[in-house]
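Notes follow the structure.
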Amino acid sequence: MSNQPLLWWRHGVVYQIYPRSFMDSNGDGIGDLRGITKKMDYLSNTLGIDAIWLSPFYKSPMDDFGYDVADYCDVDPIFGTLADFDALITAAHAQNLKVIVDFVPNHSSDQHQWFIESRSSRDNPKRDWYTWRDAKPDGSPPNNWLAVFGGSAWEWDEKTQQYYLHSFLPSQPDLNWRNPEVKAAMFEAMRFWMRRGVDGFRVDVAHYLMKDPDLRDNPLVDAVILAENTKSLGGYDSQQHLYDKGHSDNHELYRQFRGVLDEFEAISPRYSVGEIHIFDWEEWATYYGAGDELHMPFNFGLIYAKWKANVVRDVVESVERVLTKPGQWPNYVFSNHDEHRISSRYGADAARSIMMVLLTLRGTPTMYYGDELGMKDVSIPPEKVQDPWELRVPGANLGRDPERTPMQWDATPNAGFSPAGVETWLPIGEDYSTVNVEAELQDARSMLNMTRALLRLRRGSEALLNGSYRTAVGTPEEVYAYVREASSERYLILINFAADERTVSLPELASGQVVISTLMDRDDKTGGSLKLRPNEGCVVRF
């Protein structure tokens, strides 16, 4: 491959945009592509990120808000047109921003023409584009597999008298990736977007694609373990998911997937990151292949980690320990469209430290829109709930609406997201009058200005972009400290997880200077030790 230290996806900061919630350009209460284009200067110059990842904008009945794709090569009218997408790409590239789009390969919508044909008859040429099976003699589903969103993973089709497989909603039938025609069609969809200038793909539920070809039953989880660890996913956690996802054939598939990306390498380096919820780090790392599969499997370790110094340190050290092969590059994320916002999970003070960790660890960081402001989850009244997961498993607190609410741009009605008087698709946060871009730009100590300072520091630092990582030892128990080092510079990052002061004494502090504090109010020299205030993080140059 080309000179890896200069590859954009190794040094860049990725910013996830949920298109429905970023900016409404036409006053219908729903964000759209033109709205994103309108805010390109904010992304590039005001904030200073390097790439945007767009959640789905494809034509869709919106049963799962675009993760049920009805046409892989078109834009849903809610978001605009292909011309609007082309204009977005042009505007992004003019600002030196890369564009990553969601690729949803495990399943389509049941309204996709492929599935309409597939379910029309047993002998239709597209029948095998999806997984169809006969019922058991008693009429029950072919096996015991469960859908993530609740209930059986099999849906009965009365017309053709067979079940079809759906890992999520019944309206999201799983594509059969063992069919070469499916593979060819989906790879051509990738080429369609790369020809339009797309720089990479985030692959939805990437490890689900290849299932056990024999469709064996999943074993059950021990009842005691289940009682202690269940997430109440509508029964989904009652099984060990050995056969309905993660088959070893995924690796050959991703080698072929990578080959499609590499067809465009001569034009510009393309990128892939897979949504892979695997927490056995050795197994997780296999999705890099030998530098010939995914560029990165998403690392969700810190999303699910407790905010404690030893826990966060252990995740980072585990990732560093397994990434030993050429081409394996770490990545970190603390939040996304499926997880509650960091300010709600951990509190405002910790959210600042989380941003510092995210932007100073070795590897590629992915931010979620609004986290740079400290946006919080928004309470959604029952009559306003949109998320199908919450609607299918009521009372299980699985809803993802709270973290998907509109971006807060200013203190005008609807937070500048939609015109005043328009009902937005989800409610606006009650704190929008103070937690918004315009207000925080005027506050030198705001979360936004702290994030901007970290991004500026990172962009100009060889140590933070490409330098080595090592844990600093000898700190108080509640303090996590690590060193980022390159030939020309060294930084020590100190994070106090305690609710009271901690003093850190380390050799590295003998001649250091604070360059950023999460409280944005100090630039003192360290002189051998540094007093950290409650929940404070500091970047020290030495």
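The values are calculated or read from the model by the stated rules, or taken from the named source; none is laboratory data. All values reported here derive from a predicted model rather than from experimental measurement. With ideal geometry, Cβ positions are generated from the backbone for all residues, glycine too; neighbour counts draw on all protein chains shown.
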Of the candidates ARG445, ARG452, the one satisfying the condition of being closer than 30 Å to PRO507 by Cα, modelled with pLDDT of 95 or more and part of a loop (DSSP other than H, G, I, E, B) is ARG445
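Count, please, the residues in segment 460-495 that happen to be of a type in the set (D, E, K, R), under 22 Å from VAL14 (Cβ atoms) and crowded, with 16+ Cβ neighbours inside 10 Å. Step through it out loud before you land on a result.
The first filter runs over segment 460-495 and keeps only residues of a type in the set (D, E, K, R), leaving 462, 470, 477-478, 484-485, 489-490.
Restricting the remaining residues to those that are under 22 Å from VAL14 (Cβ atoms) gives 462, 484.
Cutting the leftovers down to crowded, with 16+ Cβ neighbours inside 10 Å gives us 484.
Going through segment 460-495 one residue at a time, the tally reaches 1.
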Those residues of segment 388-438 which are free of Cβ contacts under 8 Å to residues at least 24 places away in the same chain, farther than 19 Å from GLY31 by Cα and assigned to a loop (DSSP other than H, G, I, E, B), in sequence order | PRO394, GLY395, GLY399, SER433, THR434
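If the requirement is being outside any strand (DSSP E or B), out of contact with any strand residue (DSSP E or B) (no Cβ under 7 Å at 6 or more places or on another chain) and surrounded by 21 or more Cβ atoms within 10 Å (Cβ to Cβ), which of these qualifies: ASP237, ASP244, ASP314? Give the derivation first.
Numbers: ASP237 fails: surrounded by 21 or more Cβ atoms within 10 Å (Cβ to Cβ); ASP314 fails: surrounded by 21 or more Cβ atoms within 10 Å (Cβ to Cβ).
Among ASP237, ASP244, ASP314, only ASP244 is outside any strand (DSSP E or B), out of contact with any strand residue (DSSP E or B) (no Cβ under 7 Å at 6 or more places or on another chain) and surrounded by 21 or more Cβ atoms within 10 Å (Cβ to Cβ).
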So which residues in segment 274-291 are without any contact (Cβ under 8 Å) to a residue 60 or more places away in the chain, assigned to a loop (DSSP other than H, G, I, E, B) and surrounded by fewer than 16 Cβ atoms within 10 Å (Cβ to Cβ), if there are any at all?
-> PHE279, ASP280, ALA290
Exactly one of VAL483, VAL473, VAL540 is closer than 26 Å to SER318 by Cα, part of a loop (DSSP other than H, G, I, E, B) and either within 27 Å of the chain's Cα centre (by Cα) or at pLDDT 95 or above (or both), and that one is VAL473
Across (1) among the β-branched types (Val, Ile, Thr); (2) part of a loop (DSSP other than H, G, I, E, B); (3) modelled with pLDDT of 95 or more, THR324 clears everything bar (3)
Only one of (1) within 18 Å of LEU359 (Cα to Cα); (2) assigned to a loop (DSSP other than H, G, I, E, B) is not met by ALA499, so which one is it?
-> (1)
Among (1) touching a helix residue (DSSP H, G or I) at 6+ places or on another chain (Cβ under 7 Å); (2) more than 23 Å from SER418 (Cβ to Cβ), LEU82 falls short only on (1)
Give the residue that is farthest from PHE103 (Cα to Cα), with candidates limited to residues of segment 4-35 that are outside any helix (DSSP H, G or I) and small (Gly, Ala, Ser).
-> GLY27
Given (1) aliphatic (A, V, I, L, M); (2) part of a strand (DSSP E or B); (3) farther than 22 Å from ALA350 by Cα, number of the condition LEU494 does not satisfy | (3)
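Just to be sure, is SER44 among the hydroxyl-bearing types (Ser, Thr, Tyr), over 17 Å from TRP8 (Cβ atoms) and touching a residue at least 24 places away in the same chain (Cβ under 8 Å)? Outline the logic, then answer.
On the way: among the hydroxyl-bearing types (Ser, Thr, Tyr): yes; over 17 Å from TRP8 (Cβ atoms): no; touching a residue at least 24 places away in the same chain (Cβ under 8 Å): yes.
No.
Each row is one residue, and each column tells you yes or no for (1) closer than 24 Å to ASN414 by Cβ; (2) surrounded by fewer than 19 Cβ atoms within 10 Å (Cβ to Cβ); (3) modelled with pLDDT of 95 or more.
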position	(1), (2), (3)
PRO5	no, yes, no
ARG20	yes, no, yes
MET23	yes, no, yes
ASP28	yes, yes, yes
ILE36	yes, no, yes
Within segment 452-472, the residues that are out of contact with any strand residue (DSSP E or B) (no Cβ under 8 Å at 6 or more places or on another chain) and either without any contact (Cβ under 8 Å) to a residue 12 or more places away in the chain or of a type in the set (Asp, Glu) (or both) are GLY460
In the list LEU530, LEU464, LEU519, which residue meets the criterion of being within 27 Å of VAL311 (Cβ to Cβ) and under 26 Å from the mean Cα position of the chain (by Cα)?
-> LEU464
Search result, residues across segment 486-512 that are touching a strand residue (DSSP E or B) at 6+ places or on another chain (Cβ under 8 Å), closer than 13 Å to PRO476 by Cβ and charged (D, E, K, R) | GLU501, ARG502
Somewhere in segment 327-346, is a residue over 19 Å from the mean Cα position of the chain (by Cα) and without any contact (Cβ under 8 Å) to a residue 40 or more places away in the chain?
-> no
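When the residues of segment 375-420 are narrowed to those that are hydroxyl-bearing (Ser, Thr, Tyr) and out of contact with any Ser or Thr (no Cβ under 8 Å at 6 or more places or on another chain), which ends up farthest from PHE168 (Cα to Cα)? Walk me through it before giving the result.
First pass over segment 375-420, keeping only residues hydroxyl-bearing (Ser, Thr, Tyr): 379, 405, 412, 418.
If we keep only those that are out of contact with any Ser or Thr (no Cβ under 8 Å at 6 or more places or on another chain) too, we end up with 379, 412.
Values: SER379: 25, THR412: 38 Å.
My answer is THR412.
If you take the residues in segment 249-292 that are touching a strand residue (DSSP E or B) at 6+ places or on another chain (Cβ under 8 Å) and of a type in the set (Gly, Ala, Ser), which one is farthest from PRO213 (Cα to Cα)?
Initial filter on segment 249-292 (touching a strand residue (DSSP E or B) at 6+ places or on another chain (Cβ under 8 Å)): 254, 257-258, 261, 270-276, 278, 284-285, 287-288.
Subsequent filtering for residues that are of a type in the set (Gly, Ala, Ser) retains 272, 274, 285.
Numbers: SER272: 26, GLY274: 22, ALA285: 24 Å.
Among those that are touching a strand residue (DSSP E or B) at 6+ places or on another chain (Cβ under 8 Å) and of a type in the set (Gly, Ala, Ser), it is SER272.
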